[in-house]
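Accompanying notes for the structure given below.
The values are calculated or read from the model by the stated rules, or taken from the named source; none is laboratory data. As the structure is a prediction and not an experimental result, all values here were calculated from the model. Using ideal geometry, Cβ is built from the backbone for each residue, glycine included, and neighbour counts are taken over all protein chains shown.
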Amino acid sequence: MNASANNTPLCYSLRSPPFKYLPNIASAYYSSIFGTLGLISNLIAFIVLLKSFQRTQSRSRSFFLIFLGGLVVTDFMGLLVTGSIVISFHVTHFNWRKLDPNCHFCNFMGMSMVFYGLCPLLLGAAMAVERFIGINRPFARSTSMPKKRTVSMVLMVWLIAGSISMLPITGIGSYHMQIPGSWCFLNISSDGNDMAFSLLFSLVGLICIAVSFLLNTVSVVTLIKVCCGQNRHQRRRDHEVEMMVQLILIMVIASICWCPLLVFIAQTVLSGSHVQVKYLLLWIRFATWNQILDPWVYILFRRSVLQRIYPRLNWSRGSIMTLYPSFSDTVRRFTRSSLGSTLGSDETGETGKSNVPAISTSNSAPPSP
């Protein structure tokens, strides 16, 4: 990175350490407790997913578990890399300018923050696309998408997030030291390339959340129609309901944790105002919760766990919707207008065919003597 006129490296040009340490803004206890909790949670989730992958016989379920495994690995590594740096600072209070005079370490942490921040959002959108295809076009997906292609999609997500995080190294944007001196992040500014990179980071995250919301909504509506429609007994959908519940919770958690930070960055850049440090730290902590809460979705919201908590939930039947017949009847009447045109004609034809043998049998009976 180029140095300024006073020989100050670029990453320290706006905020030069050492800062006055303010324990009320950043605490070693907060970073240690939540970092440890997140690492343990993701490790448990990875073990659960590995066992589920070994036992599963469903092709669509195995695809989904590969994406979940990529998300768990990403969250675990994100907490491990960034948490180690932050906790080390709070314990030792090292001087960044002495330890990292050429900004290499600061740039690495800034890249890590962007990379591990975008990966969960991109993976959430990729999982929404996979579930959308799996529910709406199951035959096409099952015949044309091997497991290796799913792994390639996860690797592609990592490549996209990594490419975006490396843009400041090429001169598009920059990474700077952030108060209280424990972390580096992109420069949230309305000046030139910094504005472009800040908007890119914010818009990519918001677009991923919007795509997830749109595709998941369509998938849920389609799944309800199939589960509660007139052909609800033709195909078991329990595992797909389980996957959609997990995916919806992942989307909700990501939206709650990341939207405040992404909107804050876009609003600050577009308005040209100065960054308010207290809000930046608050929304960063909100975003950190995403990596802590995500694994508990896979740990808790599984059929085996839900069946223990709620024994009346009989997953061995045709559909979990059969436990609530009044709700099923209501949804069936609501969806009949969209499904009845095709299914009604089929059932009418089958009914007509079933009546023909009965009539022919009665007419072909021999006359009584």
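For the reader, a short list of remarks on this structure follows.
- Count of residues meeting criterion [under 16 Å from Val241 (Cα atoms) and assigned to a helix (DSSP H, G or I)] in region 53-67: 7
- In region 86-135, residue surrounded by the fewest Cβ atoms within 10 Å (Cβ to Cβ) [restricted to those that are charged (D, E, K, R) and either within 11 Å of the chain's Cα centre (by Cα) or within 28 Å of Pro17 (Cα to Cα) (or both)]: Lys98
- On the stretch given as region 226-282, residues that are among the polar types (S, T, N, Q), more than 30 Å from Ala196 (Cα to Cα) and modelled with pLDDT of 90 or more total 0.
Residues are listed down the side, and each one gets a yes or a no for (1) under 24 Å from Cys11 (Cα atoms); (2) modelled with pLDDT of 95 or more; (3) not hydroxyl-bearing (Ser, Thr, Tyr); (4) not in a strand (DSSP E or B):
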{"position": "Asn193", "(1), (2), (3), (4)": "yes, no, yes, yes"}
{"position": "Leu200", "(1), (2), (3), (4)": "yes, yes, yes, yes"}
{"position": "Leu206", "(1), (2), (3), (4)": "no, yes, yes, yes"}
{"position": "Val220", "(1), (2), (3), (4)": "no, no, yes, yes"}
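- Single condition Ile172 does not satisfy, out of (1) part of a helix (DSSP H, G or I); (2) surrounded by fewer than 19 Cβ atoms within 10 Å (Cβ to Cβ); (3) in contact with a helix residue (DSSP H, G or I) (Cβ under 7 Å, 6 or more places away or on another chain); (4) free of Cβ contacts under 8 Å to residues at least 60 places away in the same chain: (1)
- Among residues of region 253-301, those that are of a type outside the set (A, V, I, L, M, F, W, C) and surrounded by 17 or more Cβ atoms within 10 Å (Cβ to Cβ), counted: 8
- Near pairs, Cβ below 7 angstrom, 6+ apart or cross-chain, from region 244-258 (under 17 Å from Gly205 (Cα atoms)) to any residue that is of a type in the set (Ser, Thr, Tyr) and in a helix (DSSP H, G or I): Met251/Ser212
- Top-ranked residue of region 1-37 - restricted to ones that are of a type in the set (Val, Ile, Thr) and at pLDDT 55 or above, ranked as surrounded by the fewest Cβ atoms within 10 Å (Cβ to Cβ): Ile33
- Test: Ser152 is out of contact with any helix residue (DSSP H, G or I) (no Cβ under 8 Å at 6 or more places or on another chain) and under 26 Å from Arg59 (Cα atoms): yes
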